[in-house]
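A.B. asks: Shown below is the structure under consideration.
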Amino acid sequence: MHPNNQNLYILAFKNEPLIKVGLSIDAYMRSLVLGFDRFDLKGSYLVQARNQSSISLLERNLKTFFSTHQVAPPQPLSSGNTETFQSSVLPQMLQAIEALRETFPDAGFRMQQDLSSLIPIRRDAPGLTGAEQKAKRLEKTTRLLMENIEQNERKLQALEELLPKIPVHSIQVVEDSEKQFCCEIHLDDGQKALGRQLFDAGRMNILFSERGELPGSYAWGIDALDKGIENDTCSVHLYFNLEYEHHSSESIIRNDLATRSLTLWRNFVSEQNVSQSEIESVTSTTAPIR
């Protein structure tokens with residue numbers, strides 16, 4: 001099992017009838033970013049697999065199977081607010097994981113209950129000075145930032161390859177201001193599979209840390225995926241809070257991924273709108289006179 005592979009986590013909320021499902025290399029650090037005090041790690045779960053593709057497929061299947069139980073938390077998390085479900089569905093979700101483990105033994109799914117053991121015990125290194133402890137925290141934060149950058153770079157590359165293949169039916173720009181850039185992209189009918197690929201590549205969680213302490217994060221890119229049933233329709237919702245854009249460039253590990261991603265999406269939306277306008281113009285000028 002590769003040490004940089006992500007695992008699937010199911011975080012149980014302490015005082016809310018919710019569970020959070022997602023992927024992370026470090027489930028404990030993920031809980032810190034989301035809001036550690038809100039989760040019951042003893043009642044939470046971690047699922048590992050032999051490779052990244054198996055764990056990613058498991059996540060997609062669970063979110064598809066239980067999509068009707070998806071609810072947004074009343075008090076939003078720092079990110080991942082489209083990945084929370086009613087806690088009542090947890091037993092069925094665990095049964096589904098077990099069924100998939102038996103059906104696909106080569107995937108090597110392994111489930112761990114009670115994640116409290118993931119909490120680091122500070123007395124493990126009693127001889128460390130304050131400066132040495134700070135250096136170790138900086139080392140871990142730096143590693144997490146680097147892993148996050150590498151993951152999002154792969155997503156951006158996948159996005160660059162995927163966007164030219166997207167058959168767009170229409171685009172609705174909801175807001176384009178100094179604070180936000182939001183729009184809805186509706187694909188042609190019958191493109192659910194392509195829409196799911198677009199969602200997976202375009203949904204980013206970007207970490208940053210200004211002082212080398214625990215990293216903060218913000219959601220960037222695709223915020224939600226809508227899939228119709230009767231008409232086989234699919235749409236993705238873009239959400240960019242532009243107040244966050246500078247965070248990556250001011251982090252202890254600086255990068256321009258957020259800016260490049262936003263530029264890619266802006267260009268795509270602009271090109272599609274121009275194409276739609278040209279089609280409408282041609283259609284109106286060639287319409288028969290009655």
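A.B. asks: Scan region 196-208 and tell me whether some residue there is over 29 Å from residue 232 (Cβ atoms), aromatic (Phe, Trp, Tyr), surrounded by 13 or more Cβ atoms within 10 Å (Cβ to Cβ) and in the same structural domain as residue 244 (by TED's automatic domain parsing).
C.D. replies: Yes, region 196-208 contains at least one residue that is over 29 Å from residue 232 (Cβ atoms), aromatic (Phe, Trp, Tyr), surrounded by 13 or more Cβ atoms within 10 Å (Cβ to Cβ) and in the same structural domain as residue 244 (by TED's automatic domain parsing).
A.B. asks: Does region 244-265 contain any residue that is of a type in the set (Ser, Thr, Tyr), part of a strand (DSSP E or B) and within 18 Å of the chain's Cα centre (by Cα)?
C.D. replies: no
A.B. asks: Additional query: Does at least one position in region 135-154 carry a residue that is over 18 Å from residue 252 (Cα atoms), modelled with pLDDT of 90 or more and either out of contact with any Lys or Arg (no Cβ under 7 Å at 6 or more places or on another chain) or part of a loop (DSSP other than H, G, I, E, B) (or both)? Steps first, answer last, please.
C.D. replies: Initially, region 135-154 is screened for residues over 18 Å from residue 252 (Cα atoms), giving 154.
Then keep just the ones that are modelled with pLDDT of 90 or more; that gives 154.
This time we only want the ones that are either out of contact with any Lys or Arg (no Cβ under 7 Å at 6 or more places or on another chain) or part of a loop (DSSP other than H, G, I, E, B) (or both), so: 154.
There is at least one residue in region 135-154 that is over 18 Å from residue 252 (Cα atoms), modelled with pLDDT of 90 or more and either out of contact with any Lys or Arg (no Cβ under 7 Å at 6 or more places or on another chain) or part of a loop (DSSP other than H, G, I, E, B) (or both).
A.B. asks: Here is a further query. For region 157-173, name all the residues that are in a helix (DSSP H, G or I) and out of contact with any helix residue (DSSP H, G or I) (no Cβ under 6 Å at 6 or more places or on another chain).
C.D. replies: Quick first cut of region 157-173, residues in a helix (DSSP H, G or I) only: 157-165.
Passing the criteria: 157, 160, 161, 164, 165.
A.B. asks: Among the residues in region 236-247, are any over 23 Å from residue 266 (Cα atoms) and of a type in the set (Ser, Thr, Tyr)?
C.D. replies: Taking region 236-247 and keeping what is over 23 Å from residue 266 (Cα atoms), we get none.
No, the conditions are met nowhere in region 236-247.
A.B. asks: On to the next question. Filtering region 27-58 down to residues that are among the charged types (D, E, K, R) and surrounded by fewer than 20 Cβ atoms within 10 Å (Cβ to Cβ), which residue is farthest from residue 115 (Cα to Cα)? Explain how you work it out, then say what you get.
C.D. replies: Filtering region 27-58 down to residues among the charged types (D, E, K, R) leaves 30, 37-38, 40, 42, 50.
From what is left, the residues that are surrounded by fewer than 20 Cβ atoms within 10 Å (Cβ to Cβ) are 37-38, 40, 42, 50.
On the way: 37: 14, 38: 14, 40: 9, 42: 6, 50: 20 Å.
Here the residue is 50.
A.B. asks: Look through 221, 216, 190 and report the one residue that is crowded, with 18+ Cβ neighbours inside 10 Å and touching a strand residue (DSSP E or B) at 6+ places or on another chain (Cβ under 9 Å).
C.D. replies: On the way: 216 fails: crowded, with 18+ Cβ neighbours inside 10 Å; 190 fails: crowded, with 18+ Cβ neighbours inside 10 Å.
Answer to the selection: 221.
A.B. asks: Could you grab me the full set of residues in region 93-108 that are surrounded by 13 or more Cβ atoms within 10 Å (Cβ to Cβ), over 21 Å from the mean Cα position of the chain (by Cα) and in contact (Cβ under 8 Å) with a residue 24 or more places away in the chain? Before the answer, list the steps.
C.D. replies: Let us first name the residues in region 93-108 that are surrounded by 13 or more Cβ atoms within 10 Å (Cβ to Cβ), namely 93-94, 96-97, 100-101, 104, 107-108.
The next check asks that each one be over 21 Å from the mean Cα position of the chain (by Cα); those that pass are 94, 96, 100-101, 104, 107-108.
Correct list: 94, 96, 100, 104, 107, 108.
A.B. asks: May I ask you to list the residues in region 8-17 that are crowded, with 21+ Cβ neighbours inside 10 Å and either modelled with pLDDT under 90 or closer than 19 Å to residue 72 by Cβ (or both)?
C.D. replies: Looking only at region 8-17, we keep the residues that are crowded, with 21+ Cβ neighbours inside 10 Å, and these are 8-11.
If the condition is that a residue be crowded, with 21+ Cβ neighbours inside 10 Å and either modelled with pLDDT under 90 or closer than 19 Å to residue 72 by Cβ (or both), then 9, 10, 11 are the ones that fit.
A.B. asks: Give me a count of the residues in region 235-290 that are of a type in the set (S, T, N, Q), more than 30 Å from residue 138 (Cβ to Cβ), surrounded by 14 or more Cβ atoms within 10 Å (Cβ to Cβ) and modelled with pLDDT of 85 or more.
C.D. replies: First, pick out the residues of region 235-290 that are of a type in the set (S, T, N, Q): 235, 241, 248-249, 251, 255, 259, 261, 263, 267, 270, 272-273, 275-277, 281, 283-286.
Remaining after also requiring more than 30 Å from residue 138 (Cβ to Cβ): 235, 263, 267, 270, 272-273, 275-277, 281, 283-286.
Imposing the further condition that a residue be surrounded by 14 or more Cβ atoms within 10 Å (Cβ to Cβ) reduces the set to 235, 272-273, 276.
Narrowing the set further to residues that are modelled with pLDDT of 85 or more leaves 235, 272.
Matching residues across region 235-290 total 2.
A.B. asks: Taking region 98-128 as the search range and keeping residues that are assigned to a loop (DSSP other than H, G, I, E, B) and over 24 Å from residue 39 (Cα atoms), which one is modelled with the lowest pLDDT? Reasoning before the result, please.
C.D. replies: Start the filter on region 98-128 by keeping residues that are assigned to a loop (DSSP other than H, G, I, E, B), which leaves 104, 108-109, 114-115, 119-121, 125-128.
Add one more test, that the residue is over 24 Å from residue 39 (Cα atoms), and what stays is 104, 108, 125-128.
Working: 104: 89, 108: 90, 125: 51, 126: 57, 127: 66, 128: 67.
Ranking the qualifying residues of region 98-128, first place goes to 125.
A.B. asks: Does residue 210 fit the bill of being farther than 29 Å from residue 164 by Cβ and touching a strand residue (DSSP E or B) at 6+ places or on another chain (Cβ under 9 Å)?
C.D. replies: Working: farther than 29 Å from residue 164 by Cβ: yes; touching a strand residue (DSSP E or B) at 6+ places or on another chain (Cβ under 9 Å): yes.
So residue 210 passes the test.
The values are calculated or read from the model by the stated rules, or taken from the named source; none is laboratory data. In this text the structure is predicted, and so the values were computed from the model without any measurement. Please note: Cβ atoms are built from the backbone with ideal geometry, for glycine as well, and neighbour counts cover all protein chains shown.
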